[in-house]
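The values are calculated or read from the model by the stated rules, or taken from the named source; none is laboratory data. Keep in mind it's a predicted model, so treat the numbers as computed, not measured. Positions of Cβ are backbone-derived with ideal geometry, glycine not excepted, and every protein chain shown enters the neighbour counts.
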Amino acid sequence: MDARFRGITDLVETPSVAVVVDVMRAFTVAAWAFARGAEKIVLAGSLDEALELKARHPDWVTLKDGAPAPGFDAVNSPGLLRSVDLGGRTVVQKTTAGTVGALAVKEASLVLCAGFVVAEATASFLRARGSDTVTFVVTGEDGRAEEDLACAQYIARRTTETATDAAEFLRRAAGSRAATELTEGVRRGAHPDDVALCLEVDRFPFAMVATPEGPLMVLRPHAMPSPTDRPTDRPTDRLTD
């Protein structure tokens, strides 16, 4: 497999297969939303779009980066979201990097959204797909976010070398700027457990596939068989923490 690593602004053409990586925290949060029972996640292009969707669908759950804000039900924190019951709900997510990256490649034939928590499921999906070329979109810091690049490289390696050890990739992610800012409380709308939750490898046994549904880009879980499946982590279960 020819793995290419690009920042959002480096995408000069639409890739055939794209894996959009946002470890801290958009797609860790998305995975937790599915684990908490969400049916689907709508990736919003702007805060205004998210609020407009909420106005049309009052039962949808809106989620954004940063501190709580009027019109939004939750913030982009896995530590805070893990106690929320989202059974059967639609989540509208708008973040500064992850959702932007996914929308930037919405014309691709396959778009996966990923973090460490769904690394093996994502690699397994790619192996099953058998794609010759995969573009990994490193969303943070204009393509320089160490946690996103480390995760992208780990998934790429894991796709072709299933015995790849995650330790060095996790070490890089743990030392990233994003991890430091979350640990030190620089980023608002965070929980003390966020970094640890973002670095849990293969927590969930599903890949996350984004596809156009009418005018919206919608993310859904795609269960992948795994010997490490834990029943409490399946998207249809209600977790308790």
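Do the conditions hold for Val23, that is, is it part of a loop (DSSP other than H, G, I, E, B), in contact (Cβ under 8 Å) with a residue 40 or more places away in the chain and within 13 Å of the chain's Cα centre (by Cα)? Taking the combined requirement at face value, the residue satisfies it. Filtering Val105, Val138, Val92, Val100 for residues that are of a type in the set (Val, Ile, Thr) and farther than 22 Å from Pro215 by Cβ leaves a single hit, Val138. Within region 95-119, residues that are closer than 22 Å to Glu200 by Cα and touching a residue at least 60 places away in the same chain (Cβ under 8 Å) have Cβ atoms under 9 Å from residues that are of a type in the set (Lys, Arg) and surrounded by 20 or more Cβ atoms within 10 Å (Cβ to Cβ) in these pairs: Thr95/Arg25; Thr95/Lys64; Gly98/Arg25; Gly115/Arg25; Phe116/Arg203; Val117/Arg203; Val118/Arg203; Ala119/Arg158, counting only partners at least 6 apart in sequence or on another chain. Just one residue in the set Arg187, Arg230, Arg158, Arg129 is farther than 28 Å from Leu80 by Cβ, basic (Lys, Arg) and at pLDDT below 95; that residue is Arg129. May I ask you to verify whether Ser16 is surrounded by fewer than 21 Cβ atoms within 10 Å (Cβ to Cβ) and either in contact with a Cys (Cβ under 6 Å, 6 or more places away or on another chain) or under 28 Å from Ser109 (Cα atoms) (or both)? Taking the combined requirement at face value, the residue satisfies it. Scanning region 90-97 for residues that are surrounded by fewer than 24 Cβ atoms within 10 Å (Cβ to Cβ), over 29 Å from Asp132 (Cα atoms) and hydrophobic (A, V, I, L, M, F, W, C) turns up nothing. Meeting the requirement of 2 or more residues that are farther than 26 Å from Pro68 by Cα and out of contact with any Lys or Arg (no Cβ under 6 Å at 6 or more places or on another chain), the helices (runs of 4 or more DSSP H) wholly within region 141-215 are 146-160, 167-174. Considering region 101-156, the residues that are at positive phi and of a type in the set (Gly, Ala, Ser) include one that is farthest from the chain's Cα centre (by Cα), namely Gly130. All conditions but one from (1) among the aliphatic types (A, V, I, L, M); (2) in contact with a Lys or Arg (Cβ under 9 Å, 6 or more places away or on another chain); (3) without any contact (Cβ under 8 Å) to a residue 40 or more places away in the chain; (4) surrounded by fewer than 22 Cβ atoms within 10 Å (Cβ to Cβ) apply to Ala123; the one that does not is (4). Report yes if Asp65 is at pLDDT below 95, out of contact with any Asp or Glu (no Cβ under 8 Å at 6 or more places or on another chain) and crowded, with 16+ Cβ neighbours inside 10 Å, otherwise no. Taking the combined requirement at face value, the residue satisfies it.
Of everything in region 151-165 that is in contact (Cβ under 8 Å) with a residue 60 or more places away in the chain and not β-branched (Val, Ile, Thr), the residue that is surrounded by the most Cβ atoms within 10 Å (Cβ to Cβ) is Cys151. Residues that are within 24 Å of Leu199 (Cα to Cα) and of a type in the set (Gly, Ala, Ser) occur in region 38-59; there is at least one.
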